[in-house]
Amino acid sequence: MKIVVFGGSGFIGKKLVARLCSLGHKAVPASPSLGVNAITGQGLATALAGAQAVVDVTNPPAYEDQAVMDFFTTATRNLLVHGAAAGVRHHVLLSIVGIDRLPECGYYRAKLAQEQLIRAAAIPFTLVRATQFFEFIPAITQLATTAQTVRLPAAGMQPILGDEVAAALTEIVLQPPLNDGQELAGPEVIGQDELARRWLKATQDARTVVTDPTARYFGTLLETNSLLPGPLARRGQTTFDAWLAKSRVDVPG
């Protein structure tokens, strides 16, 4: 099966392409650096020719609210138009748990708009909403740092290993479309503040974590369950502490 992975040169995209190729599929990574641009349309027709499925794991180059909205809606419209013309039979989107509960977050509003475009299109689809990846807890910690103090709320997170997201996407794209959503999450709920504490301890970092219910997550206040999946979520097996204990922690550059 030919499967085009948009964002195929990124963190999850590389893992997904490798998994699909190991199963004997023709997984084609697509990104501007590889001559395929979902915004301008450059290379889309060629990349999608003969494809049975598309997986979209793209991220925008800029994170201002309007820039993110423009990126996701423009790219998605182009992928849907060119995908329909190429006869794509399954459009899989990697999205985020909780995007419909945090309307103050511009990034989440843009992901929700992206989902709505896919739901309204003619191509059969599966929307895969994942919780935050283990590998991005260091970045969340850094963004919450002032001097030597990290301020984060105790709101629950159920983070998941990036490899397990790629494994789930591999299975999902090879199955019939759900024409609905599927949630992915890690095996345990941990407070955002506690995740930072464990990360800092594991890396022997002297910063101090202060639990602050007014601390914002990408510009928005969190309720206790804002970022948690529903009871039917597919769950990974790797715990956060098991990931921390690896001899080499896999953190995106």
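What follows draws every value from the coordinates through simple rules; no lab data is involved. This is a predicted model, so every value here is computed, not measured. Here Cβ is always computed from backbone atoms with ideal geometry, including for glycine, and neighbour counts include all displayed protein chains.
For the chain, the Kirkwood radius over C-alpha pairs fed into Stokes-Einstein at 4 °C and 1.567 mPa s yields D = 69 µm² per second. In plain terms, the chain from Ala18 to Gln175 could stretch by 54.7 nm, reckoned as 0.36 nm per residue minus the Cα-Cα distance.
Each Cα pair under 8 Å and six or more residues apart adds its sequence gap; the mean of these over the residue count of the stretch 2-244 is a relative contact order of 19 percent.
Amide H contacts under 5 Å for Thr224: none, restricted to partners 5 or more places along the chain or on a different chain, H placed in the peptide plane at 1.01 Å from N. Scanning the chain for long hydrophobic helices, with DSSP H runs required to stretch 30 angstrom or more by C-alpha along their axis and to average at least 0.0 on the Kyte-Doolittle scale, returns 65-86. From its DSSP helices (H runs of at least four residues, each -39,500 (n - 2.57)), the chain gives a residue-normalised ellipticity at 222 nm of -11000 deg cm²/dmol. With q set to 0.13, 0.19, 0.20 Å⁻¹, the log10 of I(q)/I(0) for the stretch 102-176, from the Debye formula over equal scatterers at the Cα positions, is -0.59, -1.04, -1.09. Footprinting exposure proxy ranking of Lys111, Lys246, fewest other C-beta atoms within 10 angstrom first, gives Lys246, Lys111. Among Asp65, Asp241, Asp205, the residue with the largest mean-square fluctuation in a Gaussian network model of the chain, with springs joining Cα atoms closer than 10 Å, is Asp205. Ranked by how many other Cβ atoms sit within 10 Å of their own Cβ, fewest first, the residues Phe136, Phe71, Phe6, Phe240 fall in the order Phe136, Phe71, Phe240, Phe6. Rounded to the nearest Hz, the phi-derived 3J(HN,Hα) couplings of the stretch 42-57 under the Karplus curve 6.51 cos²θ - 1.76 cosθ + 1.60 (θ = phi - 60°) are 4, x, 5, 4, 5, 5, 8, 4, x, 7, 8, 8, 10, 10, 10, 10, where x marks glycine and proline. What is the Cα centroid distance between the stretch 86-161 and the stretch 176-210, reported in whole angstrom? Taking the Cα centre of each part, the stretch 86-161 and the stretch 176-210 sit 13 Å apart. Comparing Ala110, Ala185, Ala202 in a Gaussian network model of the chain, where Cα atoms under 10 Å apart are tied by springs, the biggest mean-square fluctuation is seen for Ala202.
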